[in-house]
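Take a look at the structure set out below.
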Amino acid sequence: MPAVAGLGAFGVFGLMVAMPSAAAEETAASSVEPAGAVRLAPVSITATRSETDPFSYPGMVTVIDRDRVRDFNAATPDELFELVPNVEFTGGPRRTGEVPSIRGFDGENVVILIDGVRQNFNSRHDGRFFLEPSLIGSVEVLRGPASALYGSGGLGGVIEIRTIDADDVLTPDETVGVTTSLGGYSVNDEWVATATAYGRPIPGVELLGSVTRRESGPIDLGNDTTLDSAEDRILSGLVKGTIALGDHHRLEASFSRFSNDAKEPNNGQGLGDGGLVDKEIASDSVRLAYSVNDPTNAWVDLDAVAYYTSFKADEQRLDGQGAGPTGELLTRDVDTLGVRVDNRSRFGVAETARVTLTYGVEAYRDEQTSESASGDRDGVPNATATFLGVFGQAEVVLDDLAGLPGTLTVLPGLRFDRYEVSGDAGIDDATESRPSPRIGVSYQPQPWLVAFANYAHAFRAPSFNEMFLSGTHFEIPALGITNRFVANPDLEPQTTRTVEFGAGVDFDGVLVERDSLTLKGSHFRTWGDDFIDRRVEQPTPFVDCTPFIPGNCDGTTISYNVPSARLWGTEIEGRYENDRVRIELAFSTIDGENTDTEEKLGVLTPDTVSVDVGVKVPEVDALVGWRATVAGRFDKVNEPADTRDAYDVHDLYVVYQPSAGVLDGLRVDLGIDNLFDEDYSRVFTDASEAGRSFKALVSYSVAW
């Protein structure tokens, strides 16, 4: 199948009208649904902090429900985002190096939440978050500036993951159950085993516990080589309990852990075997949540969450090819303590006007500590960052305004944040305050048609890893060369202004009875000030300097502000479904530049089309599917070496889930990823991606 190159947005929009696609996710139907099953519309919580129809929302948000999560049979979380436009994972095929980006923004520019808990670990060469896919109950991806609700880091958007609970696996008339599963993936000789128990021992109480073990080896790449230094030994688990306090109050507590003993380069995104370490990663999260929602009280719909997360990354050098001796132990600990409280008040101001006010407060503190054999770890400063934010948002819904047919929704919001970043390197603290306003408008002249526009400011505070860098970045001992980090405590916060507009259609009964078609797209333009980038200045030996003379070829690495930048792009997603077929399709394009120098800027990606076609065979309780990603040639680069060839990757999958008889409770997931063993690599990644992989997962559930 030839890869798409230079496919225009309007051409893809036309294609999608004929063959719709990938956003709306049903929230109740199973993957292998019986004929005549009711498919419910998706509901988003992340977009407005209140239940919202993603189709009516003035922006782009994708909801991936539990059944779609299971259909991917994912070994790593990034596989779940293949059908979300303008979301890309870079960093190579190792799970410890994968970093998500949204609309050209990555790292601290994307807010990641797991059950409302901020995932604030950030490293240039390690993964952004670590989570067992089998624990994921649903995913929401809000694309576009989100600082008006989520504060610092909301430039690209928000990824919010919710873990499973008893309601995801028990029907209303069941009280206790157990699920076990065993599976494997051929591309890295990985096996996985999971055991989950859940129940409602007494009315008003729900309990769930799950544990998963994964082990994997070297990764077979699409270029017929093997990424040898890529061994993982993973143990993860979740314990969650919920109790109803009266009719409308709910208290939930949970503990989750992810630990991985990996053998790989110090840079998990690296190619070779040099600088190998025994890397022990552990992420622990303790969470307590409280909510009250009395349908008879329109003024109180409150959610509160308090949490503590501890992330540890210990690395012991296995050779002397890095920046230290064999056996040296390097540690990095990042602890986050946070709380968030928000409430919704709903009222009508006229027969045709309804208002939902969402308001609240959030505070969190990150603390990073590190050690090495010589004291502090190079490039990992001991520092703290403290954030306090207050926010408010109104969702005003107006029906038949001034004789105008249909519904007009206006969504103004404002958040005010104050932050302080401090280190122990004798450098002055940085303290600033930032407002983040936003307004969005959507108009539905008919229930099946929406047009929307929004304008928003967003910001991201400079991190302590950028402001207080010190020590050695890298060394070339054979030439006597050292590159050193240089602190920059004068970094300004990164700010953006974004304009977005788009439209969508949502039809029922398009081709046959009981079918549905949803299609929505947008175009966005972002202007930014003081973009935070990193500059590595390293003289070239024998060209710019003379090696072997101490200091003559040394270089520096420093974070700095790019005065002015802009990014722009288009994304479209949609879905068509009937009792026999489910078709999802997504298109995305993104570009960006430093407006002063016209150099490319941001995590840019090729024009990409993704498609998923599933055929339902209820006669045998099965779903058979084909999934493909087609990317054009990537040449939005400053260096020719960063160019990437076009590629197309195809997957096949089968789900077998008997609904009755002696096999009721069994589920079998079979698949082949990268069916044609395509050799390709993603942007800003030197390594080829994983080659052909046969995968299987057998699960059995029993409940009573």
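Tabulated values for the structure
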quantity: Some residue of the range 372-389 being within 25 Å of the chain's Cα centre (by Cα) and among the aromatic types (Phe, Trp, Tyr); calculated: yes
quantity: Residue list for the range 103-124, restricted to those being of a type in the set (Gly, Ala, Ser) and farther than 13 Å from PRO145 by Cα; calculated: GLY107, GLY116, SER123
quantity: Some residue of the range 498-509 being farther than 30 Å from SER463 by Cα, more than 29 Å from the chain's Cα centre (by Cα) and either among the aliphatic types (A, V, I, L, M) or in a loop (DSSP other than H, G, I, E, B) (or both); calculated: yes
quantity: Complete set of residues in the range 415-438 that are closer than 28 Å to GLY157 by Cα, surrounded by fewer than 17 Cβ atoms within 10 Å (Cβ to Cβ) and of a type outside the set (Lys, Arg); calculated: PHE416, GLU420, ASP429, THR431, GLU432, SER433, PRO435, PRO437
quantity: Identity of the residue in the range 631-654, farther than 23 Å from LEU221 by Cβ and touching a Lys or Arg at 6+ places or on another chain (Cβ under 7 Å), that ends up surrounded by the fewest Cβ atoms within 10 Å (Cβ to Cβ); calculated: ASN638
quantity: Evaluation of PRO58 against (1) under 14 Å from the mean Cα position of the chain (by Cα); (2) within 26 Å of THR498 (Cβ to Cβ) (one fails), failing number; calculated: (1)
quantity: Residues of the range 369-393 satisfying the condition of being part of a strand (DSSP E or B), surrounded by fewer than 16 Cβ atoms within 10 Å (Cβ to Cβ) and of a type in the set (A, V, I, L, M); calculated: VAL390
quantity: Among the candidates ASP335, ASP366, ASP319, residue that is in contact (Cβ under 8 Å) with a residue 24 or more places away in the chain, of a type in the set (Asp, Glu) and surrounded by fewer than 16 Cβ atoms within 10 Å (Cβ to Cβ); calculated: ASP319
quantity: Close pairs (7 angstrom Cβ cut-off, 6 or more residues apart or separate chains): without any contact (Cβ under 8 Å) to a residue 24 or more places away in the chain and over 20 Å from ARG70 (Cα atoms) in the range 173-188, surrounded by fewer than 20 Cβ atoms within 10 Å (Cβ to Cβ) and not basic (Lys, Arg) anywhere; calculated: none
quantity: Only one of LEU170, LEU182 that is of a type in the set (A, V, I, L, M, F, W, C), modelled with pLDDT under 95 and under 22 Å from LEU697 (Cα atoms); calculated: LEU170
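The values are calculated or read from the model by the stated rules, or taken from the named source; none is laboratory data. Quantities reported herein were computed from a predicted structural model and do not represent experimental measurements. Methodologically, a virtual Cβ is constructed for each residue, glycine included, from the backbone with ideal geometry; neighbour enumeration extends over all protein chains shown.
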